[in-house]
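Trainee: Here it is, the structure, as structure tokens.
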Amino acid sequence: QVQLVESGGGLVQAGGSLSLSCAASGTTFSIYTVGWYRQAPGKQRELVATITSGGSTNYADSVKGRFTISRDNAKNTVFLQMNSLKPEDTAVYFCHADTVYRGYWGQGTQVTVSS
């Protein structure tokens, strides 16, 4: 079992920055890829960024150059640094971990960007 807890969401003005954290506990040795996803009201959940256990990253086109995903393996934590935020970035942000057994989701954290 893996438990994921997101933190760091909040309200920010357009152009501002936020940093999200996803702390994993449990059988963390089984995690190989961690991703951040987001879901805006009335829309489907979409991929924001992923990072593999080896550190390879992947980003949605809409956030490239503005968001950075990173991980601290010693602390079992993945971060999402979000800069130059736009109102369209407003959503609930979820952390997801792929393991050799199954995937796990966190409970989500709200990010609201005001114009």
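The values are calculated or read from the model by the stated rules, or taken from the named source; none is laboratory data. On a predicted model such as this, the values are computed, not experimentally measured, just so you know. Glycine gets a Cβ as well: all are built from the backbone with ideal geometry, and neighbour counts include every protein chain shown. Just so you know, the surface numbers come from the protein's heavy atoms only, side chains and all, with ligands and any DNA or RNA stripped out. Shrake-Rupley method; radii C 1.70, N 1.55, O 1.52, S 1.80 Å.
Trainee: Using θ = phi - 60° and the Karplus relation 6.51 cos²θ - 1.76 cosθ + 1.60, list the HN-Hα couplings for region 10-17 in order, rounded to whole Hz, with x at every Gly or Pro.
Mentor: Values, residue by residue: x, 10, 9, 7, 4, x, x, 10 Hz.
Trainee: As a test, work out the antiparallel percent of DSSP beta bridges whose residues both lie in the chain, rounded to the nearest 5.
Mentor: Taking every DSSP beta bridge with both residues in the chain, the antiparallel ones total about 90 percent.
Trainee: What is the local net charge at THR109, summed over the other residues whose Cβ is closer than 12 Å to its Cβ (Lys, Arg +1; Asp, Glu -1)?
Mentor: Numbers: positive: ARG38; negative: GLU6.
Here the charged neighbours net out to 0.
Trainee: Further, regarding this structure: Convert each backbone phi in region 47-57 into a coupling constant with the Karplus relation 6.51 cos²θ - 1.76 cosθ + 1.60 (shift: θ = phi - 60°), then list the ³J(HN,Hα) values in order as whole Hz, x for Gly and Pro.
Mentor: Here the 3J(HN,Hα) series is 6, 9, 6, 9, 9, 8, 5, x, x, 6, 10 Hz.
Trainee: Could you sort TRP105, TRP36 by their accessible area in this structure, using a 1.4 Å probe and putting the largest first?
Mentor: Descending accessible area places them as TRP105, TRP36.
Trainee: I would also like to ask the following. Between ASN83 and THR27, what length comes free when the chain is fully extended (0.36 nm per residue of separation minus the Cα-Cα distance, one decimal in nm)? Write down the numbers at each step before the final one.
Mentor: Numbers: separation 56, 0.36 × 56 = 20.16 nm, distance 3.16 nm.
Length gained, ASN83 through THR27: 17.0 nm.
Trainee: Turning to a different aspect of this structure: So what's the net charge close to LYS43: Lys and Arg +1, Asp and Glu -1, counting the other residues with Cβ under 14 Å from its Cβ? Write out the running numbers ahead of the final one.
Mentor: Values: positive: ARG38, ARG45; negative: GLU46, GLU88, ASP89.
Overall, the nearby charge balance is -1.
Trainee: Sticking with this one: Could you give the alpha-carbon Rg of the chain over 2.2 N^0.38 Å, rounded to two decimals? Numbers along the way, then the final one.
Mentor: Numbers: Rg = 13.4 Å, N = 115, 2.2 N^0.38 = 13.4 Å.
Dividing the Cα radius of gyration by 2.2 N^0.38 Å gives 1.00.
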